[in-house]
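J.: Okay, handing you the structure first.
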Amino acid sequence: MTSLLVVVGNTVTYGDQSVVPSGPRAFFYFDREPAYEVCEVETVYDPRLVPLWLKALNRGQRELLCKSAEAFVIAKKLGHPDVNEEVAAKLLVAFEKTEDPISKRSLGIALVELNYSKAANAFEEAFTEKDYQLCTVLEPGLGSWKHPSTIRRNLERLKNKNTLIPWRKLAIQVLRNAREASAKSQLVEIVTNQRERNDLRLAAANALGTIFTSGLVKVVEDLSQRNREDDPFSQLLAIEVIRQHSSEPSIQLVKTLAGSTQTTVQSKALEQLQRINPQFVANYALDADAMKGFTVTHPNANVRRVLVEACFQITSVETVATLASFLDDPHPQNRQLAADALFALAEKNDEFKVAVVEQVQAGLRHTSWRVLEKSAILASYLEMESTHEQMLTLLNFERKEVGVAAAFALKKFNLKATLPTALSQLTENLNNTFRLDDDQEIRDYEFRCLQTQHLCEFIGRQRFQEAASSLREFIPKSPEENGKIVQHPRSRGIAIWAIGRIYEDKQDKKLAALLKGRLTDLSIPLAEFDDVRLGSAYALGWIGDDSVVSDIKQFSGRNSPNREIATACAWAVEHITGEAIPLSSPYRKLKDYDWFLRPSTKYVIDLSSAP
């Protein structure tokens with residue numbers, strides 16, 4: 001099975017982990033029998049890049065120093081193995097050598113990003129309060145490396161009431177990076193002083209929340225109890241200060257803050273409760289007396305996200321109805337998250353599946369297009385074939401997203417009884433035209449195309465002969481009318497694939513000649529679309545006309561740039577003639593990031609070391 005397109009949604013992550021596993025998605029695929037593997041590709045970095053950048057570094061010119069430093073940082077983040085401690089040492093030499101402040105700043109950023117703590121002494125020597133911009137690079141790095149004199153200097157800055165605001169903010173950043181506990185009293189004083197600037201207070205609160213995991217309950221009590229009119233920022237500061245606390249008194253404080261009238265405070269409070277125990281958050285959504293608006297109608301999308309995640313995490317049948325209510329969430333990622341959660345629960349055991357199916361059946365009777373769309377996709381994955389009549393009625397729903405989901409469900413159900421209606425809808429879509437100079441018309445056109453693609457695939461898999469004449473309309477390259485469905489490349493590709501399934505082993509020479517024209521059309525500047533060529537390759541294989549084998553074969557090199565088309569052609573040749581086209585040896589290709597300097601000649605990769 002070859003996946004062509006993922007239509008809906010992304011996996012929502014929480015920290016470094018996915019809270020809810022990715023669930024149902026509407027997708028397209030071409031059948032392949034037998035399934036072919038594609039050639040293994042190992043992407044590698046050109047080993048000549050780093051020496052080239054080092055040469056540029058040695059030139060000592062500002063532009064080359066800055067660009068080289070940036071290149072090393074990007075390469076390190078991308079995983080270039082040659083950007084190592086040896087490179088960092090050479091960056092340090094360049095840092096010590098240059099007197100240009102801009103170059104020094106760029107090289108300093110690179111050394112911090114590469115976490116080269118051996119640069120600490122050079123940073124301290126280069127430090128001067130006459131260059132604030134340079135200090136914003138050097139001192140936070142020194143703080144991360146816990147450099148003693150830097151920590152002492154910034155403690156003094158924070159104590160001195162005459163220190164300018166930018167330097168105070170820098171001091172807070174340095175002490176936070178150093179996790180300096182002795183800064184506690186000064187940071188608390190800033191946070192609790194409502195006459196201080198809000199940005200300074202927030203920076204201090206963030207530092208306290210980073211450094212301490214206990215001991216700040218009284219500070220948070222004071223902040224959370226302040227009158228909002230006098231100090232409107234206090235509750236946000238309170239939740240920031242206490243974000244790593246997990247004692248019982250701190251939990252109670254966070255629960256109080258979750259009831260704040262400020263949705264940003266609610267969001268942060270719920271996130272903290274979720275880290276401690278998801279049940280605390282789920283209770284807000286499940287307990288009618290304690291809900292206080294913690295439902296799908298809550299105005300903050302992040303609050304709704306946390307509620308969905310927590311309801312999934314506690315793994316209770318009781319939460320299924322609540323999760324289903326979030327299929328109507330205004331935010332598309334939250335809707336997908338709720339659908340993912342329901343599907344994951346349904347897979348746990350029969351009890352959960354019964355509860356989820358019940359909610360999906362109710363969802364298919366809902367008035368909201370959002371619920372209908374997600375319920376249709378869920379029904380298809382839960383194999384709820386009994387809902388096929390509802391899917392047929394939803395094909396022409398006012399919101400085209402619902403019609404797409406219904407078509408996908410019909411394809412998944414794969415029931416012969418629904419073919420006539422599917423063909424009728426396909427024919428209607430073929431006759432529709434759209435004004436592609438209007439945003440709404442463009443949206444409608446795109447969704448009609450998606451629906452058409454699902455219907456074509458369904459019809460092809462069923463080899464529905466009655467659809468042959470309609471599917472043939474997708475073969476011509478030139479669109480007949482502006483906005484007609486037939487001109488969409490993927491619609492044409494899947495329809496042509498479906499024609500091949502219908503004419504399997506019939507060796508229709510006229511049809512094969514038409515499709516050969518689509519596969520081999522590389523004319524400039526209007527070459528045929530790859531989706532159409534891919535569908536044509538499969539269709540030619542199904543049709544089985546051996547007179548076109550030589551034409552197919554010319555695109556079957558399995559180390560070709562377009563590996564999908566090459567794979568389809570290799571399959572088609574074997575399907576027609578029995579001649580297997582072997583998988584080529586694994587090969588390597590270069591990773592490229594449009595580097596500011598690169599070797600002037602093409603790098604030839606040695607294949608002898610490939611497995």
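J.: Residue by residue through region 116-128, note down the ones that are without any contact (Cβ under 8 Å) to a residue 24 or more places away in the chain and either under 38 Å from the mean Cα position of the chain (by Cα) or not in a helix (DSSP H, G or I) (or both).
T.: Phe127, Thr128 - these are the residues of region 116-128 that are without any contact (Cβ under 8 Å) to a residue 24 or more places away in the chain and either under 38 Å from the mean Cα position of the chain (by Cα) or not in a helix (DSSP H, G or I) (or both).
J.: To continue, here is another question. Do we have Arg157 as under 24 Å from Ala207 (Cβ atoms), over 40 Å from the mean Cα position of the chain (by Cα), at pLDDT 95 or above and not small (Gly, Ala, Ser) here?
T.: The answer is yes for Arg157.
J.: Between Glu457, Glu473, which is under 18 Å from Ala376 (Cβ atoms), surrounded by 14 or more Cβ atoms within 10 Å (Cβ to Cβ) and charged (D, E, K, R)?
T.: Values: Glu473 fails: under 18 Å from Ala376 (Cβ atoms).
Every option except Glu457 fails the conditions.
J.: Next up: Just checking: which of the strands (runs of 3 or more DSSP E) contained wholly in region 1-73 hold 2 or more residues that are touching a strand residue (DSSP E or B) at 6+ places or on another chain (Cβ under 9 Å) and modelled with pLDDT of 70 or more?
T.: Answer list for region 1-73: 27-30, 41-44.
J.: Which of the residues that make up region 163-203 are surrounded by fewer than 18 Cβ atoms within 10 Å (Cβ to Cβ) and without any contact (Cβ under 8 Å) to a residue 24 or more places away in the chain?
T.: Residues satisfying the conditions are Thr163, Leu164, Ser185, Glu189, Asn193, Arg195, Glu196.
J.: Residues Arg304, Arg275: which one is of a type outside the set (Val, Ile, Thr), over 21 Å from Phe343 (Cα atoms), assigned to a helix (DSSP H, G or I) and free of Cβ contacts under 8 Å to residues at least 60 places away in the same chain? Give the derivation first.
T.: Numbers: Arg304 fails: over 21 Å from Phe343 (Cα atoms).
Arg275 is the lone residue from the list that is of a type outside the set (Val, Ile, Thr), over 21 Å from Phe343 (Cα atoms), assigned to a helix (DSSP H, G or I) and free of Cβ contacts under 8 Å to residues at least 60 places away in the same chain.
J.: Hey, another quick one. Identify the residue in region 78-91 that is at pLDDT below 95 and out of contact with any Leu (no Cβ under 9 Å at 6 or more places or on another chain) and, among all such residues, is farthest from Glu113 (Cα to Cα).
T.: By that ranking, first place goes to Pro81.
J.: Taking Ser260, is it surrounded by 15 or more Cβ atoms within 10 Å (Cβ to Cβ), hydroxyl-bearing (Ser, Thr, Tyr) and without any contact (Cβ under 8 Å) to a residue 40 or more places away in the chain?
T.: Numbers: surrounded by 15 or more Cβ atoms within 10 Å (Cβ to Cβ): yes; hydroxyl-bearing (Ser, Thr, Tyr): yes; without any contact (Cβ under 8 Å) to a residue 40 or more places away in the chain: yes.
Answer is yes for this residue.
J.: Taking region 145-162 as the region of interest, how many residues are surrounded by fewer than 18 Cβ atoms within 10 Å (Cβ to Cβ) and hydroxyl-bearing (Ser, Thr, Tyr)?
T.: 1
J.: Taking region 148-176 as the region of interest, how many residues are out of contact with any Ser or Thr (no Cβ under 9 Å at 6 or more places or on another chain) and not polar (S, T, N, Q)? Let's see the steps before the verdict.
T.: Restricting attention to region 148-176, the residues satisfying the condition of being out of contact with any Ser or Thr (no Cβ under 9 Å at 6 or more places or on another chain) are 148-150, 152-154, 158-165, 167-169, 172.
Imposing the further condition that a residue be not polar (S, T, N, Q) reduces the set to 148, 152-153, 158-159, 161, 164-165, 167-169, 172.
Residues that pass the stated criteria total 12.
J.: Take Ala171 and decide whether it is touching a Lys or Arg at 6+ places or on another chain (Cβ under 9 Å), modelled with pLDDT of 95 or more and either in a helix (DSSP H, G or I) or over 14 Å from Ala203 (Cβ atoms) (or both).
T.: Details: touching a Lys or Arg at 6+ places or on another chain (Cβ under 9 Å): yes; modelled with pLDDT of 95 or more: yes; either in a helix (DSSP H, G or I) or over 14 Å from Ala203 (Cβ atoms) (or both): yes.
In short, yes.
J.: Could you check region 235-249 and list, in sequence order, the residues that are surrounded by fewer than 23 Cβ atoms within 10 Å (Cβ to Cβ) and part of a helix (DSSP H, G or I)? Even if it seems obvious, please write down each step before you answer.
T.: Let us first name the residues in region 235-249 that are surrounded by fewer than 23 Cβ atoms within 10 Å (Cβ to Cβ), namely 236, 243-249.
Correct list: Leu236, Glu248, Pro249.
J.: Turning to a different aspect of this structure: In this structure, is Gln313 touching a Pro at 6+ places or on another chain (Cβ under 6 Å), at negative phi and not small (Gly, Ala, Ser)? Give the steps one after another, and end with the answer.
T.: On the way: touching a Pro at 6+ places or on another chain (Cβ under 6 Å): yes; at negative phi: yes; not small (Gly, Ala, Ser): yes.
Here the answer is yes, as Gln313 does meet what is asked.
J.: Give the residues of region 299-319 that are surrounded by 22 or more Cβ atoms within 10 Å (Cβ to Cβ) and either among the hydrophobic types (A, V, I, L, M, F, W, C) or under 18 Å from Pro24 (Cβ atoms) (or both), sorted by residue number. Even if it seems obvious, please write down each step before you answer.
T.: Within region 299-319, the subset surrounded by 22 or more Cβ atoms within 10 Å (Cβ to Cβ) is 303-312, 319.
If the condition is that a residue be surrounded by 22 or more Cβ atoms within 10 Å (Cβ to Cβ) and either among the hydrophobic types (A, V, I, L, M, F, W, C) or under 18 Å from Pro24 (Cβ atoms) (or both), then Val303, Val306, Leu307, Val308, Glu309, Ala310, Cys311, Phe312 are the ones that fit.
J.: Shifting gears a bit: Of the residues Gly557, Gly578, Gly541, which is at pLDDT 90 or above and at negative phi?
T.: Matching residue, one of Gly557, Gly578, Gly541: Gly541.
Let's see how each residue does on (1) at pLDDT 95 or above; (2) aromatic (Phe, Trp, Tyr); (3) at positive phi:
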residue: Lys292; (1), (2), (3): no, no, yes
residue: Ala321; (1), (2), (3): yes, no, no
residue: Asn334; (1), (2), (3): yes, no, no
residue: Phe352; (1), (2), (3): yes, yes, no
residue: Val356; (1), (2), (3): yes, no, no
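J.: Does region 211-220 contain any residue that is farther than 23 Å from Ile165 by Cβ, of a type in the set (D, E, K, R) and over 37 Å from the mean Cα position of the chain (by Cα)? Reasoning before the result, please.
T.: From region 211-220, those farther than 23 Å from Ile165 by Cβ are 212-218, 220; that's our starting set.
Cutting the leftovers down to of a type in the set (D, E, K, R) gives us 218.
Narrowing the set further to residues that are over 37 Å from the mean Cα position of the chain (by Cα) leaves 218.
There is at least one residue in region 211-220 that is farther than 23 Å from Ile165 by Cβ, of a type in the set (D, E, K, R) and over 37 Å from the mean Cα position of the chain (by Cα).
The values are calculated or read from the model by the stated rules, or taken from the named source; none is laboratory data. These numbers were taken from a predicted model, which means no experiment stands behind them. Cβ: placed from backbone, ideal geometry, glycine included. Neighbour counts: every protein chain shown.
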